[in-house]
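Asks: Below: one structure in structure tokens.
The values are calculated or read from the model by the stated rules, or taken from the named source; none is laboratory data. Given the structure is predicted, the values throughout are model-derived calculations rather than measurements. As a convention, Cβ positions derive from the backbone with ideal geometry for all residues, glycine included, and neighbour counts pool all protein chains shown. Surface accessibility is based on the protein's heavy atoms, side chains included, excluding ligands, DNA and RNA. Shrake-Rupley method; radii C 1.70, N 1.55, O 1.52, S 1.80 Å.
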Amino acid sequence: MASILITGIGELVTNDPHALDLLGVVEDAALVVEGATVAWTGRAADAPAADQQVDVGGRAVLPGFVDSHSHLVFAGDRSGEFAARMAGTPYAAGGIRTTVAATRAATDEQLTSHVARLVEEMRRQGTTTVEIKSGYGLTAHDEARSLAVARQFTEETTYLGAHVVPPELADDPEAYVDLVVGPMLDAAAPHARWIDAFCERGAFDADQARRVLAAGAAAGLRGRLHANQLGPGPGVQLAAELGLVAVDHCTYLDDDDVAALRDAGTVATLLPGVEFSTRQPYPSARRLVDAGVRVAIASDCNPGSCFTSSMPFCVALAVREMGMTPAEAVHAATYRGAEALDRDDVGALVPGRRADLVVLDAPSHVHLAYRPGVPLVRQTWVAGRPLPQL
């Protein structure tokens, strides 16, 4: 098995959980890749020999970003809705139905091409692991095909039939829940690892969300939740009660919600691009971290409330708007993102983990927040191989 020595690393972020500092930073570092995995990390002066050598010229190297929340399978455009929000129209979940109509009308080929473009966009910005949800089909056929499309690009696929109630069943939401936990689940489950529900006013209440997650568990799917995005609600408490790996958004939390997350060990996945795009208040990551809650950040790339695929942008927002330090934000976008997907093979550059890494055109991870909006990702490596540079 050929080995590659990556040397000339000015700052290496390892996320080694045994390190004294949060990011496990090694300066003047090197890293050895064997096959698809990391074989060795340390000071460049101590590096072992390898079959090949790559010198990154003093640049910083980080684990690849782990984007644990995205909605990439869709068709259509909602830029008009965004413009209206910027002119003062409040955000509401109802716009999802616009995307549902366009997605149902799209061909499999059109959906696949669109996801491929967005995944490539993510890769260029350093994302090496991405979770992709369904949720814009809302029929058994369209949810299953959405997940089949997503599965071409990632193993982290999430069935989100419980996104909103579609127009054709608006007068009978319980009948729609019956569909979600019945024929739709049967069609979707073979293509999914996770099941999710939007537990929010205008979407699904706690009892409905509980029923959806229970049905998913019976079908072998792990549970996740969208919760407490638009206002206070029961979703975060439900996630903690059920011991879910992660609950996402967490914008409106009271002290009991924070304590429940801490005690359950549930990861709070914050999505700062949403607040940027909707002008809602940002959640306080500082409050959560100080309380001992594990916090991840993700893009929530979707056509309505947050059409960004950029994890570096989300890192910068987390620092500027949510009270995180640059180190905390990078850790949340890598190591904690992996935890939110219950993955122990990505999110860190330590021996045995997958060699997914990002080379920055910068000397330090701090530049991700220090230079917001600047394309700092010089190169992305996935499973021990560099992706072609554009």
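Asks: Out of the stretch 286-303, which residues are surrounded by fewer than 24 Cβ atoms within 10 Å (Cβ to Cβ) and of a type in the set (Gly, Ala, Ser)?
Replies: Ala291, Gly292
Asks: Scan the stretch 238-260 residue by residue and report those that are β-branched (Val, Ile, Thr), under 18 Å from the mean Cα position of the chain (by Cα) and not in a loop (DSSP other than H, G, I, E, B). Talk me through it step by step, then tell me what you get.
Replies: Going residue by residue through the stretch 238-260, those that are β-branched (Val, Ile, Thr) are 245, 247, 251, 258.
This time we only want the ones that are under 18 Å from the mean Cα position of the chain (by Cα), so: 245, 247, 251.
Hit for the stretch 238-260 is Val247, nothing else.
Asks: May I ask you to list the residues in the stretch 83-105 that are buried (at least 23 other Cβ atoms within 10 Å of the Cβ) and either within 30 Å of Thr380 (Cα to Cα) or at pLDDT 95 or above (or both)?
Replies: Thr103 - this is the single residue of the stretch 83-105 that is buried (at least 23 other Cβ atoms within 10 Å of the Cβ) and either within 30 Å of Thr380 (Cα to Cα) or at pLDDT 95 or above (or both).
Asks: Something else now. Take the residues in the stretch 14-58 that are among the small types (Gly, Ala, Ser) and touching a residue at least 60 places away in the same chain (Cβ under 8 Å), then tell me which one is surrounded by the most Cβ atoms within 10 Å (Cβ to Cβ). Lay out the reasoning, then the answer.
Replies: The first filter runs over the stretch 14-58 and keeps only residues among the small types (Gly, Ala, Ser), leaving 19, 24, 29-30, 35-36, 39, 42, 44-45, 47, 49-50, 57-58.
From what is left, the residues that are touching a residue at least 60 places away in the same chain (Cβ under 8 Å) are 24, 35-36, 39, 58.
Working: Gly24: 21, Gly35: 14, Ala36: 15, Ala39: 19, Gly58: 12.
Applying the filter and picking the extreme gives Gly24.
Asks: Next question. Among the residues of the stretch 278-291, are any in contact (Cβ under 8 Å) with a residue 40 or more places away in the chain and among the aliphatic types (A, V, I, L, M)?
Replies: Of the stretch 278-291, the ones in contact (Cβ under 8 Å) with a residue 40 or more places away in the chain are 278-280, 282, 285.
Subsequent filtering for residues that are among the aliphatic types (A, V, I, L, M) retains 285.
Checked the stretch 278-291: at least one residue is in contact (Cβ under 8 Å) with a residue 40 or more places away in the chain and among the aliphatic types (A, V, I, L, M).
Asks: If you don't mind, another one. Take the stretch 335-350 and flag every residue that is open to solvent by less than 10 Å² (accessible area, probe 1.4 Å) and either assigned to a loop (DSSP other than H, G, I, E, B) or under 17 Å from Glu275 (Cα atoms) (or both).
Replies: Within the stretch 335-350, Leu341, Val346, Gly347, Ala348, Leu349 qualify.
Asks: Still on this structure: Counting only residues that are over 20 Å from Gly373 (Cα atoms) and open to solvent by less than 60 Å² (accessible area, probe 1.4 Å), how many does the stretch 108-118 have?
Replies: Qualifying residue count, the stretch 108-118: 5.
Asks: Condition first: among the aromatic types (Phe, Trp, Tyr) and under 20 Å from the mean Cα position of the chain (by Cα). Now tell me which residues in the stretch 197-229 satisfy that.
Replies: Phe198 - this is the single residue of the stretch 197-229 that is among the aromatic types (Phe, Trp, Tyr) and under 20 Å from the mean Cα position of the chain (by Cα).
Asks: Which members of the stretch 144-164 meet the condition of being open to solvent by 10 Å² or more (accessible area, probe 1.4 Å) and either hydroxyl-bearing (Ser, Thr, Tyr) or free of Cβ contacts under 8 Å to residues at least 12 places away in the same chain (or both)?
Replies: Thr154
Asks: Still on this structure, please answer the following. Could you give me the residue pairs with C-beta distances under 8 Å whose first residue belongs to the stretch 372-386 and is closer than 16 Å to Ala348 by Cβ and open to solvent by 60 Å² or more (accessible area, probe 1.4 Å), whose second residue is of a type in the set (Phe, Trp, Tyr) and outside any loop (DSSP other than H, G, I, E, B) wherever it lies, and which are 6+ apart or on separate chains?
Replies: If the second residue must be of a type in the set (Phe, Trp, Tyr) and outside any loop (DSSP other than H, G, I, E, B), no pairs are left.
Asks: Of Ala316, Ala348, which residue is out of contact with any Ser or Thr (no Cβ under 7 Å at 6 or more places or on another chain) and at pLDDT 95 or above?
Replies: Ala316
Asks: Could you please let me know if Arg320 is in a helix (DSSP H, G or I) and crowded, with 21+ Cβ neighbours inside 10 Å?
Replies: No.
Asks: Turning to a different aspect of this structure: Look at Glu121 and say whether it is open to solvent by 30 Å² or more (accessible area, probe 1.4 Å), of a type in the set (Asp, Glu) and in contact with a Ser or Thr (Cβ under 6 Å, 6 or more places away or on another chain).
Replies: Yes; evaluated as a whole, the condition is true for this residue.
Asks: Mind checking which residues of the stretch 175-225 are in contact with a helix residue (DSSP H, G or I) (Cβ under 8 Å, 6 or more places away or on another chain), open to solvent by 10 Å² or more (accessible area, probe 1.4 Å), within 16 Å of Ile96 (Cβ to Cβ) and without any contact (Cβ under 8 Å) to a residue 40 or more places away in the chain?
Replies: Scanning the stretch 175-225 gives no hits.
Asks: Now for a separate question. Cβ-Cβ below 9 Å, separation at least six or inter-chain, first residue in the stretch 108-122 and more than 14 Å from Thr308 (Cβ to Cβ), second of a type in the set (D, E, K, R): which pairs?
Replies: Close Cβ pairs satisfying both conditions: Asp108/Arg145; Leu111/Arg145.
Asks: Ok, one more. Among the candidates Ala239, Ala332, which residue alone is in contact (Cβ under 8 Å) with a residue 40 or more places away in the chain, open to solvent by less than 10 Å² (accessible area, probe 1.4 Å) and over 26 Å from Phe82 (Cα atoms)?
Replies: Ala332
Asks: Restricting to the stretch 244-263, name every residue that is of a type outside the set (Lys, Arg) and closer than 17 Å to Gly337 by Cα.
Replies: Correct list: Leu244, Val245, Ala246, Val247, Asp248, His249, Cys250, Leu261.
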